[in-house]
Amino acid sequence: MSDFYDDLETRSPEQREKALLGALPHHIEHARTKAPYFGRLLKDIDPQAIRDRTSLARIPVTRKSDLIALQKETPPFGGMTAVANGQLGRIFASPGPIYDPQGATGDFWRFGRALWAAGFRRGDVVHNCFSYHFTPAGFMVDLGAQAIGCAVFPAGVGQTEMQVRTISDLHPGAYAGTPSFLKIILEKADETGTDVSCLRKALVSGEALLPAVRKAFLERGIEVRQCYGTADVGLIAYESAPDAGLIVDEGVMLEIVRPGSNDPVSEGEVGEVVVTNLSSEYPLIRFGTGDLSAALPGQSPCGRTNMRIKGWMGRADQTAKVKGMFVHPSQIAAIARRHPQVARARLVIEHDAKGNDRMTLHCEATDGGEALATTIAESIRDVTKLRGEVSIVAPGSLANDGKVIDDQRKFD
């Protein structure tokens, strides 16, 4: 059985570039003809003239941060889909809200490749702890796992004791989900004396995989690989070996651009991840994810020849990802509006002593005390679907720098 998902992974960089660039003119013409948004954006672009990276860079970047406004103007997808809504396989809602389409084809999100690189094989049972509710993460892994012949238990998130019991009963060899939730499951298994040693491999995403956490999993006999994707694009890059960077998926063209611009940066320079996919249903062209990363020199030691990136290095804008969920500045404003006593608010995100994500909303308010803090905490959970602490501070004490979300986490 091959270590590689298919022959695309080992073709020469020249072959890959020729194939991707060769597909671009038709893809751009398709998007311009079938998706109203791209019809407007690309009306002055000659698809046949887009034959190299330099000409591709002349197309304006459409950023994820634009989607909320675009989708409000032209619901539900901002005019960016190329098929009727009823021809899609599924429709999801991510925080914002941002509506995400799934095409009707098999492994639409292309996650089979990441799962294969993580050691998942035909006949494996996968305990899938990505959410199946509202957001597409659960189905991203589910469809990819089925594409390579795995059985999937759709566990979703929460209900830790039931997760542990199910793993003990079904003996899955593989886990998919966030690293923090795998850690919670293992700790609950220790607490209850339940044997979950059947878990031997994992594909994690949605948050940083810290070196100490990877080491702790390995000490329990669990080989962990990580991948990077978005609800819009699907799989963007995946890991084949620890500390060797993330390999770009074969189904996308990836650029690193200077944040807030259309301009590619030099190799090794940190910038925003911009992706062009080849999806006929959702043909994203120069889509700015808002995520920061940098290209790595050379090729992966595993033999795969596509470009590599360092992985997720933070956000180009103030939007942050916490436990696999995006938190937007607009959500912080919505929370503050619910409480007239709050003059200004700033969300601080940091790692606690155990490396877990912790959110604290600092609110300038003249009165309210603990009662106000309690109701604001309820609003945080209602709006963001995440738990957060609240700190009531004196008026004028927050820095006057326009920052709404202050992500202080370190991912080195």
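Return a yes/no flag: does the stretch 300-321 have any residue that is modelled with pLDDT under 90, among the β-branched types (Val, Ile, Thr), within 30 Å of Ile380 (Cα to Cα) and crowded, with 21+ Cβ neighbours inside 10 Å. Break it down stepwise before answering.
Taking the stretch 300-321 first, the residues modelled with pLDDT under 90 are 311-321.
With the extra rule that they be among the β-branched types (Val, Ile, Thr), the set shrinks to 319.
So of that shortlist, the ones also within 30 Å of Ile380 (Cα to Cα) come out as 319.
Now drop any that are not crowded, with 21+ Cβ neighbours inside 10 Å, which leaves 319.
Yes: one or more hits.
Count, please, the residues in the stretch 300-341 that happen to be assigned to a helix (DSSP H, G or I) and within 30 Å of Leu8 (Cα to Cα). Steps first, please.
Within the stretch 300-341, the subset assigned to a helix (DSSP H, G or I) is 329-337.
Next, from what is left, pick out any that are within 30 Å of Leu8 (Cα to Cα): none.
Summing the residues that are assigned to a helix (DSSP H, G or I) and within 30 Å of Leu8 (Cα to Cα) in the stretch 300-341 gives 0.
Going by what's in this entry, would Gly173 be described as modelled with pLDDT of 95 or more, touching a Lys or Arg at 6+ places or on another chain (Cβ under 9 Å) and surrounded by fewer than 17 Cβ atoms within 10 Å (Cβ to Cβ)? Working first, answer last.
Numbers: modelled with pLDDT of 95 or more: yes; touching a Lys or Arg at 6+ places or on another chain (Cβ under 9 Å): yes; surrounded by fewer than 17 Cβ atoms within 10 Å (Cβ to Cβ): no.
Answer is no for this residue.
How many residues, within the stretch 133-151, are among the small types (Gly, Ala, Ser), surrounded by fewer than 22 Cβ atoms within 10 Å (Cβ to Cβ) and in contact (Cβ under 8 Å) with a residue 40 or more places away in the chain?
Selection size over the stretch 133-151: 1.
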Exercise. Taking interchain pairs and intrachain pairs at least six residues apart, which have beta carbon atoms under 7 angstrom, with the first residue in the stretch 158-178 and outside the structural domain of Val196 (by TED's automatic domain parsing) and the second surrounded by fewer than 23 Cβ atoms within 10 Å (Cβ to Cβ) and not in a loop (DSSP other than H, G, I, E, B)?
Worked result: none
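Quick one: which residue in Glu364, Glu370 is more than 28 Å from Ala137 (Cβ to Cβ), more than 20 Å from the chain's Cα centre (by Cα) and surrounded by fewer than 17 Cβ atoms within 10 Å (Cβ to Cβ)?
Working: Glu364 fails: surrounded by fewer than 17 Cβ atoms within 10 Å (Cβ to Cβ).
Criteria check complete, one pass: Glu370.
Given the structure, is Ile380 of a type outside the set (D, E, K, R), under 30 Å from Pro259 (Cα atoms) and modelled with pLDDT of 95 or more?
For Ile380, the condition - of a type outside the set (D, E, K, R), under 30 Å from Pro259 (Cα atoms) and modelled with pLDDT of 95 or more - is met.
Mind telling me which of the residues Lys64, Lys34 ends up being modelled with pLDDT under 95 and among the charged types (D, E, K, R)? Lay out the reasoning, then the answer.
On the way: Lys34 fails: modelled with pLDDT under 95.
On inspection, the qualifying residue turns out to be Lys64.
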For this session: Please go through the stretch 290-300 and pick out each residue that is among the hydroxyl-bearing types (Ser, Thr, Tyr) and either in contact with an Asp or Glu (Cβ under 6 Å, 6 or more places away or on another chain) or farther than 12 Å from Met313 by Cα (or both).
Result: Ser300
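With the condition kept exactly as written, say whether any residue in the stretch 121-143 is aliphatic (A, V, I, L, M), modelled with pLDDT under 95 and within 15 Å of Val204 (Cα to Cα).
Residues of the stretch 121-143 that are aliphatic (A, V, I, L, M), as a first pass: 125-126, 137, 140-141, 143.
Imposing the further condition that a residue be modelled with pLDDT under 95 reduces the set to none.
No, because not a single residue in the stretch 121-143 is aliphatic (A, V, I, L, M), modelled with pLDDT under 95 and within 15 Å of Val204 (Cα to Cα).
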For this session: Mind listing whichever residues of the stretch 100-111 are buried (at least 19 other Cβ atoms within 10 Å of the Cβ) and either under 16 Å from the mean Cα position of the chain (by Cα) or among the β-branched types (Val, Ile, Thr) (or both)?
Result: Asp100, Pro101, Gln102, Phe108, Trp109, Arg110, Phe111
Exercise. What residue, of Asp44, Asp3, is in the same structural domain as Arg286 (by TED's automatic domain parsing), touching a residue at least 60 places away in the same chain (Cβ under 8 Å) and not in a helix (DSSP H, G or I)?
Worked result: Asp3
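Go through the stretch 195-250 and tell me which strands (runs of 3 or more DSSP E), entirely inside it, have 1 or more residues that are surrounded by fewer than 20 Cβ atoms within 10 Å (Cβ to Cβ). First the steps, then the outcome.
Values: elements: 201-204, 223-230, 234-238, 246-248.
By residue number, 223-230.
Hey, among the residues in the stretch 251-276 that are among the hydroxyl-bearing types (Ser, Thr, Tyr) and surrounded by fewer than 19 Cβ atoms within 10 Å (Cβ to Cβ), which one's farthest from the chain's Cα centre (by Cα)?
First, the residues of the stretch 251-276 that are among the hydroxyl-bearing types (Ser, Thr, Tyr): 261, 266, 276.
Next cut, surrounded by fewer than 19 Cβ atoms within 10 Å (Cβ to Cβ) only: 261, 266.
Working: Ser261: 21, Ser266: 24 Å.
The residue in question is Ser266.
Specify which of the listed residues (Arg214, Arg220, Arg165) is more than 24 Å from Ser94 (Cβ to Cβ) and under 20 Å from the mean Cα position of the chain (by Cα).
Details: Arg220 fails: under 20 Å from the mean Cα position of the chain (by Cα); Arg165 fails: under 20 Å from the mean Cα position of the chain (by Cα).
Just one listed residue meets the conditions, Arg214.
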Exercise. What number goes with the only condition from (1) in contact with a strand residue (DSSP E or B) (Cβ under 8 Å, 6 or more places away or on another chain); (2) farther than 24 Å from Thr194 by Cβ that Phe120 does not pass?
Worked result: (2)
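The values are calculated or read from the model by the stated rules, or taken from the named source; none is laboratory data. Just so it is clear, the structure is predicted and the values come from calculations on it, not from any experiment. Positions of Cβ are generated from backbone atoms using ideal geometry, with glycine treated the same way; all protein chains shown enter the neighbour counts.
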